[in-house]
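Each reported figure results from applying straightforward, stated rules to the coordinates on display, with no laboratory input. The structure presented is a predicted model; accordingly, all values stated were derived computationally and were not measured. Methodologically, a virtual Cβ is constructed for each residue, glycine included, from the backbone with ideal geometry; neighbour enumeration extends over all protein chains shown.
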Amino acid sequence: MDRFKEIRPYHDEEIRPVLDKLVTDQEFLYSIASFYSPKLSSLVPFLTKALARKKLQSQLTDVHDVASMQDVIAGYMDKMIEDTTTGLSHSGIENLKEGRSYMFISNHRDIAMDPAFVNYMLYHAGHETLRIAIGDNLLKKPFVTDLMRLNKSFIVMRSKKGRELLQSLTLLSEYIHHCIEDNHNVWIAQREGRAKDGIDKTDPTLLKMLAMSQRKAPLAETLSKLHIVPVSISYEFDPCDVSKAEELHAVESTGSFVKTDKSDIDSIVRGMIGFKGNVHVAFGEELKLGSDDPDHIAGEIDQQILQNYKLRDVNYLALKLLMENGLLDEEQKKNAISALEGVDISQDASKVFLNRFSEVPQELHKHYLYNYANPVLSRG
């Protein structure tokens, strides 16, 4: 029996039937048409859906398995990178051993693009592409679930409660170990939800979940089987910086932020099409675990992610603006003075950042700047 059928990505033989179903899904076609031609889609939805279907069918004609689906997605990534970045670089990938599968635990800044950039680097380096963990909170529509599972995503059932949640997390742990044993690379974020304040911190609960299927064994022994490699993804500019600041401001002002059904989809789209500047993907070293303390292990992951994060001029500029506006506490101010010593911020970077910053409402300034400055402060 296929124990993982409800959460796993689609297999080779499932790819074509799912694609054939998708290109007849009216809601999906309308979403595609609206994305490319919003005004025309509202005027003549029938025509734009027909055009979307024709284009998709031509692009997907030769897709019959997981590998050919990955080739199509790589083509989309090429265009996205050309349109929304000024540079894409990587480091540490040469340390990955041939024939070994890895559990990549990365910082989490963007819903879709974090695993997409890690995947892109692995794909072009000739490594096995990722199986990607994605929360069921993002899967509001059946066609979104299909799209994610076509792209090798597996589902984390966060919405379940009580005993059902415990069972689903145990199954998830079992599935992740199965993937590694079966020579498939896996990606998961270091914590649930994006880091909206620029602070990258691993949730020890994640590490406990990864070991749930093998509770009788020591934690270090179980996690060592996953060959965990921390990954640090650095975006020069965050396409969702304003919306993140809005959410943090709302929580600070009113105590809560209410998401709509469209919030996550909007964030995914904004992250894909928004300007990112220079992007760097840093692969760390495989963890050598000598402790069964999840907090200690989380700290080891954090240390690599923080040290490998590629700081840019905009990070230092944001910190400088926080200091000039009296928005740092005394300890932060000491760290800022030390961090900014000898840093020469280029005029070009300043111009781009200050132009973006000038359009940010005054009440969001503090949270907006901290999102960019915290990677510097986190280094201590």
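Observations
- Gain on full stretching of the segment that runs from D12 to Q307 - 0.36 nm per residue minus C-alpha separation: 102.3 nm
- Stretch gain in nm, segment I81-R100, where the contour uses 0.36 nm per residue and the Cα spacing is subtracted: 4.0 nm
- When +1 charges are put on Lys and Arg Cβ atoms and -1 charges on Asp and Glu Cβ atoms, the dipole computed for segment 65-308 relative to its Cα centre reaches about 740 debye.
- Ellipticity at 222 nm from helices only: DSSP H runs of n ≥ 4 in the chain, each -39500 (n - 2.57), divided by the residue count, give -16500 deg cm²/dmol.
- Considering only I301, Q70, L210, and ranking their Cα positions along the charge dipole of segment 65-308 that arises from unit charges at the beta-carbon of Lys, Arg, Asp and Glu, the one farthest toward the positive end is L210.
- Low-density loop positions, chymotrypsin sites (Phe, Trp or Tyr not before Pro), segment 184-261 - DSSP coil, at most 16 other Cβ in 10 Å: F257
- Segment 313-377: relative contact order as a whole-number percent, Cα under 8 Å and 6+ apart: 62
- Point-to-point label distance, K288-E181, nm (Cα→Cβ direction, 7 Å offset): 2.7
- Calculated FRET efficiency for the pair K262/I345, C-beta based, R₀ 56 Å, to 0.05: 0.95
- Couplings 3J(HN,Hα) of segment 293-310, computed from phi: 8, x, 5, 5, 5, 4, x, 5, 5, 4, 4, 5, 4, 5, 5, 8, 5, 8 Hz, in residue order, whole Hz [Karplus 6.51 cos²θ - 1.76 cosθ + 1.60, θ = phi - 60°; x for Gly and Pro].
- For the pair A50 and K208, a Förster radius of 41 Å applied to the C-beta separation gives a FRET efficiency near 0.25, rounded to the nearest 0.05.
- The chain, relative contact order in percent, only Cα pairs under 8 angstrom and at least six apart counted: 20
- In this structure the amide hydrogen of N185, modeled in the peptide plane, comes within under 5 Å of the amide hydrogens of Y102, R131, none closer than 5 places in sequence on its chain.
- FRET E, pair K5, T254, Förster distance 45 Å, beta-carbon r, rounded to 0.05: 0.60
- Counting only Cβ charges, +1 for Lys and Arg and -1 for Asp and Glu, the dipole size of segment 1-56 around its Cα centre is about 300 debye.
- For segment 313-377, size of Cβ-based charge dipole, Lys and Arg +1, Asp and Glu -1, in debye: 80
- With a cut-off of 13 Å between beta carbons, the residues surrounding E164 carry a summed charge of +2, where Lys and Arg count +1 and Asp and Glu -1.
- Distance from the alpha carbon centroid of segment 287-364 to that of segment 91-137 works out to 24 angstrom.
- Net charge of neighbours whose Cβ lies under 15 Å from the Cβ of L354, counting Lys and Arg as +1 and Asp and Glu as -1: -2
- Positive-end residue of L166, G99, S267, charge dipole of segment 65-308 with Cβ unit charges: L166
- When the Gaussian network model of the chain links Cα atoms closer than 10 Å, the mean-square fluctuations of T222, T84, T48 top out at T48.
- Options L317, P239, Q347, ranked by Cα towards positive dipole end of the chain, top entry (Cβ charges): P239
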